[in-house]
Amino acid sequence: MPIKILMVCLGNICRSPLAEGILASKLPKNKFKVDSAGTGSWHIGNAPDERSISTAKKNGIIISSQKCRQFTKNDFDFFDYIYVMDSTNYKDIIELSENQEHNKKVQLILNDLFPNENVDVPDPYYGLQNGFDLVYQMLNEACDLIAIKLMKKHI
């Protein structure tokens, strides 16, 4: 059974779809399953933001077939790791948790890159294209470290 990783942001249209695509591109598909979700319900069933799609594409990653969905309590039982994009996402997810085992699965995605600093991935939604490029770079660096850690632990 593959190791399951969930990426979470607010609407599941900008940051978490990028994170899903980036991490999935760095891990063997037969050993790992990467998905994404949002804490909000506004975009359920929609494709990611066009700016996320184009940023991923210019970096060789296709995310246009992803569909937005909302995080549910069942995700705690299904996923082995849950990476959130910012401290608000963290708070929202932890509030849905019912036990310490679930809490241990949730971490800020940049904590491997910036240990103990709790750095947020900025939400590029209301900004320009360069904000998406910056977010991609941050997530790519973080996913490099996460992929190495996961492969050492599980392969």
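The values are calculated or read from the model by the stated rules, or taken from the named source; none is laboratory data. Since we're looking at a predicted model, the values are computed, not measured. All Cβ positions, even for glycine, are placed from backbone atoms using ideal geometry, and neighbour counts span all protein chains on display. Remember, those area values only see protein heavy atoms, side chains included, never the ligands or the DNA or RNA. Shrake-Rupley method; radii C 1.70, N 1.55, O 1.52, S 1.80 Å.
The rows are residues; the columns are (1) of a type in the set (Gly, Ala, Ser); (2) farther than 24 Å from Tyr126 by Cα; (3) touching a strand residue (DSSP E or B) at 6+ places or on another chain (Cβ under 7 Å).
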site: Val8; (1), (2), (3): no, no, yes
site: Lys29; (1), (2), (3): no, yes, no
site: Glu50; (1), (2), (3): no, no, no
site: Lys67; (1), (2), (3): no, no, no
site: Phe71; (1), (2), (3): no, no, yes
site: Met85; (1), (2), (3): no, no, yes
site: Lys104; (1), (2), (3): no, yes, no
site: Asp112; (1), (2), (3): no, yes, no
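Within region 81-94, at least one residue is more than 14 Å from Leu139 (Cβ to Cβ) and without any contact (Cβ under 8 Å) to a residue 12 or more places away in the chain. Mind checking whether some residue in region 143-155 is modelled with pLDDT of 95 or more, in contact with an Asp or Glu (Cβ under 9 Å, 6 or more places away or on another chain) and under 19 Å from Thr39 (Cβ atoms)? No.
Within region 80-105, track down each residue that is assigned to a strand (DSSP E or B) and either open to solvent by 10 Å² or more (accessible area, probe 1.4 Å) or more than 24 Å from Pro2 (Cα to Cα) (or both). Lay out the reasoning, then the answer.
Here is the first cut: in region 80-105, the ones assigned to a strand (DSSP E or B) are 81-84.
If the condition is that a residue be assigned to a strand (DSSP E or B) and either open to solvent by 10 Å² or more (accessible area, probe 1.4 Å) or more than 24 Å from Pro2 (Cα to Cα) (or both), then Tyr81 is the only one that fits.
Selection of region 1-52 for residues being under 15 Å from the mean Cα position of the chain (by Cα), in a helix (DSSP H, G or I) and over 16 Å from Thr72 (Cα atoms) yields Arg15, Pro17, Leu18, Ala19, Glu20, Gly21, Ile22, Leu23, Ala24, Ser25, Lys26, Ser52. Checking each residue in region 123-139 for being open to solvent by less than 60 Å² (accessible area, probe 1.4 Å), without any contact (Cβ under 8 Å) to a residue 60 or more places away in the chain and under 14 Å from the mean Cα position of the chain (by Cα) picks out only Met138.
Let's see how each residue does on (1) touching a residue at least 60 places away in the same chain (Cβ under 8 Å); (2) open to solvent by 10 Å² or more (accessible area, probe 1.4 Å); (3) within 14 Å of Ala147 (Cα to Cα):
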| residue | (1), (2), (3) |
| --- | --- |
| Lys4 | yes, yes, yes |
| Leu18 | yes, no, no |
| Lys29 | no, yes, yes |
| Lys33 | no, yes, yes |
| Trp42 | no, yes, no |
| Ala56 | yes, no, no |
| Gly60 | no, yes, no |
| Ser65 | no, yes, no |
| Lys73 | no, yes, no |
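Kindly establish whether Asp77 is in a helix (DSSP H, G or I), open to solvent by 60 Å² or more (accessible area, probe 1.4 Å) and of a type outside the set (Lys, Arg). Considered against the rule, which asks whether it is in a helix (DSSP H, G or I), open to solvent by 60 Å² or more (accessible area, probe 1.4 Å) and of a type outside the set (Lys, Arg), Asp77 comes out as yes.
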